[in-house]
Amino acid sequence: MQKKIIQTLLLWAIVTTITACSYMADYIEGEITNRASFSISARYQAGTGVIVEWNANPDDESFAGYEIYMTEEPNNEFADYIVVGACYSISSSSYFQVDGNLDNPSETQFIHTSLPSSGIYFYRVGVINWDERDYDGDGNDDKKPSSPNQSLYESYTNIDEISGSAMVEIP
Amino acid sequence: MKLLPNYKIYIITFFCTYLFTFNSVVYAQFVYEASTLHNAASRSQTVQQIFYERWDTMLDNYLHFDAYINLNWVYDFYVNTYNRGTGKKEAVPMRLVRTFSDVSMLFSVYTPVTETPDETQPVDITDVTTFRKPWVNNSILLGFTLCGYHYGLTRSVEIDRGSAGNESASDYAFSQFFDDIVAITAVLVPYITLHAGIVFNQQIEPNEDGTLEYNFNPSTITKRYFGSLSLFNTLTWRSTAANDRVESSNIKIDITPLITTIGFAVPEYLPNITIGYMRYDKYNDEPYDPVWVSTASGKSNTMSDSLKQQATLYTYYTTLSKNFDNFYIAASIELQHVDKTLVDKRTEQKVSLPLMRLWWAKAGYDLMDRPGWDFIVWLGVNKFYDPAMSYHSKHTDNDAGGWFAMIDGTAPYITLSIKASYNDASELDKLIEAVDKYVIEGSASFRI
């Protein structure tokens, strides 16, 4: 009986610690609503542009790339964001630039050179994952396509993680 | 399975679609500071209420394990927020998020063994409505619970990914509140049920960029202690203490089972009747309180704790419920009085609390006619009074009528529930700032 109680207590302690605290409840909601989960830095450097740096730990199995976002209007922290950097050409915005390095999970920097007019802007970094689906038609779901391309990227990717905002003043 | 006629299903489907499609639309435009979220005493009441609800479920259904999660979103909070882009404060739409998770376990540490089978003891009989074996009388059960509630405002962020589509994300905004319960339960079937536990209240400030670290720091945590004693599952006492004083007490009597317990037959027409009394140190001269206790003279929101006074709210309630086959109805009223004079902070006039604090009525219909399985559609209406209502919202007076609609599904091992409400009394009782706002809630549980 004593052994059973100890085993049960241990099981309860492990299960509940993992699943039943306020942090976990919040974490679950955060996953549902894509809560900002890591911090980045961004700074303007004359002659170079805006240097955005991050340190994320993407899931290599599903990783599709990083995307860089910027507020669509100056001097408004609460403006919507537009994509300004990705590994495929997914935007026609004049501020957008393709960066082939952004499909590398160990990449930690993006230099934004196609800058808007002066003002205060806010940047974020998104970790993009492939949707889990049958890419090769063998009847089994795959974590990612064996031959990624722009069309697949546009259709079957989503934001897995997103950073908090980083403020930059562009002179 | 017995189903309603087709046209009724269409009506219910239309109604539910309406609720969940249009209720998230932002209506009121009121700038507010999220103040009563700082009321740890009130938050502790909320997390305990859910704790007790889970244990009622555990014991009523003879469960050994219950894992439960509840997600609750309140839309339409416009909060004065500093915009680092403009350098000015502006009203920014926020969403209040409340999330709750709970894991409870209960196991038998002693089960009496009888030499000769006692036919009155349902040892090997599975209860048809729960698919589980009831506890044997005189068994001793031991239970443990860990549960947590998070409250906080979040801001939605819209992201245009170009030809890859649009997505949204969310940031933490303002203080985030994390309340956790660790509790132990002991049961001597069917005579005594005891709960004892600690509520840990923690407040964490998010980073300026909208992220937050779960920096568990014991020095920033306040504690409350609570206990509960129930005799024959009919007479229940509950209490919460903080530091040097008892913050709240609640005594509840379930009349109908009490009649059975003392040996009388319950007439078939009699509904289940519950009566109760609660005392709660509700008004404490805190900045988030709408009233001053006793007098406004010499008081301010920045005064020291030693000058603060307390007023206790006493409430008396009764609840009636009755099932007619698949049809459920229930109603409740709650009366109130306070032991000291309350003075409105804005007008410095005496506040007269009406006798009736709240009433509610609800009706439900179970679309399934199968033991252990439920699919109940609930509709309810209510009225609620609180002097904080006009203080913390654009609402012009201190009472509000509301409603809720809920779909409640139960299977032997899982439950699912979705609920939409507007000025629902139970929501306003938890957080008065939810007045005139739509609330969407979903919950699920896994149980063994």
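Being more than 13 Å from every other protein chain (Cβ to nearest Cβ) and either assigned to a loop (DSSP other than H, G, I, E, B) or at positive phi (or both): is that true of A:SER94 here? Judged against the criteria, A:SER94 is not a match. So B:MET303 clears everything in (1) under 29 Å from B:SER393 (Cα atoms); (2) in contact (Cβ under 8 Å) with a residue 40 or more places away in the chain except one condition, right? Which one? Against the list (1) under 29 Å from B:SER393 (Cα atoms); (2) in contact (Cβ under 8 Å) with a residue 40 or more places away in the chain, B:MET303 comes up short only on (2). A:ASP26 fulfils the conditions (1) among the charged types (D, E, K, R); (2) outside any strand (DSSP E or B); (3) away from chain B (no Cβ under 13 Å); (4) in contact with a Ser or Thr (Cβ under 6 Å, 6 or more places away or on another chain) except for a single criterion, (3). Checked against (1) in a loop (DSSP other than H, G, I, E, B); (2) aliphatic (A, V, I, L, M); (3) within 19 Å of A:SER62 (Cβ to Cβ), A:LEU102 passes all but a single condition, namely (1). If I filter the stretch A:132-150 for residues that are of a type in the set (D, E, K, R), within 11 Å of another protein chain (Cβ to nearest Cβ), out of contact with any helix residue (DSSP H, G or I) (no Cβ under 9 Å at 6 or more places or on another chain) and surrounded by fewer than 17 Cβ atoms within 10 Å (Cβ to Cβ), do I get at least one hit? No, the stretch A:132-150 contains no residue that is of a type in the set (D, E, K, R), within 11 Å of another protein chain (Cβ to nearest Cβ), out of contact with any helix residue (DSSP H, G or I) (no Cβ under 9 Å at 6 or more places or on another chain) and surrounded by fewer than 17 Cβ atoms within 10 Å (Cβ to Cβ). When the residues of the stretch A:45-87 are narrowed to those that are over 17 Å from A:HIS112 (Cβ atoms) and within 11 Å of chain B (Cβ to nearest Cβ), which ends up nearest to the chain's Cα centre (by Cα)? The extreme case among them is A:ALA64. Exactly one of (1) crowded, with 17+ Cβ neighbours inside 10 Å; (2) in contact (Cβ under 8 Å) with a residue 40 or more places away in the chain; (3) under 30 Å from B:ILE253 (Cβ atoms) is unmet by B:LYS340. Its number? Only one criterion in (1) crowded, with 17+ Cβ neighbours inside 10 Å; (2) in contact (Cβ under 8 Å) with a residue 40 or more places away in the chain; (3) under 30 Å from B:ILE253 (Cβ atoms) is unmet by B:LYS340, namely (1). Of the residues making up the stretch B:312-326, just one is farther than 21 Å from B:ILE255 by Cα, at pLDDT below 95 and not polar (S, T, N, Q), namely B:ASP325. Each residue in the stretch B:281-292 was checked for being farther than 21 Å from B:SER44 by Cα and surrounded by fewer than 22 Cβ atoms within 10 Å (Cβ to Cβ), and 0 pass. When the stretch B:189-204 is filtered for residues that are farther than 28 Å from B:LEU153 by Cα, surrounded by 15 or more Cβ atoms within 10 Å (Cβ to Cβ) and not hydroxyl-bearing (Ser, Thr, Tyr), the ones remaining, listed by number, are B:VAL189, B:PRO190, B:HIS195. Screening the stretch B:132-245 for strands (runs of 3 or more DSSP E) wholly inside it with 2 or more residues that are within 14 Å of chain A (Cβ to nearest Cβ), under 26 Å from the mean Cα position of the chain (by Cα) and small (Gly, Ala, Ser) returns the ranges B:140-160, B:166-188. Spot the failing condition for A:SER155; the list is (1) loosely packed, with under 14 Cβ neighbours inside 10 Å; (2) modelled with pLDDT under 95; (3) among the hydroxyl-bearing types (Ser, Thr, Tyr), and only one is missed. The number of the failed condition is (2).
Residues in the stretch A:89-120 that are in contact (Cβ under 8 Å) with a residue 60 or more places away in the chain and surrounded by 24 or more Cβ atoms within 10 Å (Cβ to Cβ): A:HIS112 alone.
Could you tell me whether A:ILE128 is in contact (Cβ under 8 Å) with a residue 12 or more places away in the chain and within 9 Å of chain B (Cβ to nearest Cβ)?
On the way: in contact (Cβ under 8 Å) with a residue 12 or more places away in the chain: yes; within 9 Å of chain B (Cβ to nearest Cβ): yes.
Yes; evaluated as a whole, the condition is true for this residue.
Restricting A:SER147, A:SER89 to those that are at pLDDT below 95 and polar (S, T, N, Q) reduces the list to A:SER147. Among the residues of the stretch B:146-166, those that are of a type outside the set (A, V, I, L, M) and modelled with pLDDT of 95 or more comprise B:GLU158, B:ASP160, B:ARG161, B:GLY162, B:SER163, B:GLY165, B:ASN166.
The values are calculated or read from the model by the stated rules, or taken from the named source; none is laboratory data. These numbers were taken from a predicted model, which means no experiment stands behind them. Using ideal geometry, Cβ is built from the backbone for each residue, glycine included, and neighbour counts are taken over all protein chains shown.
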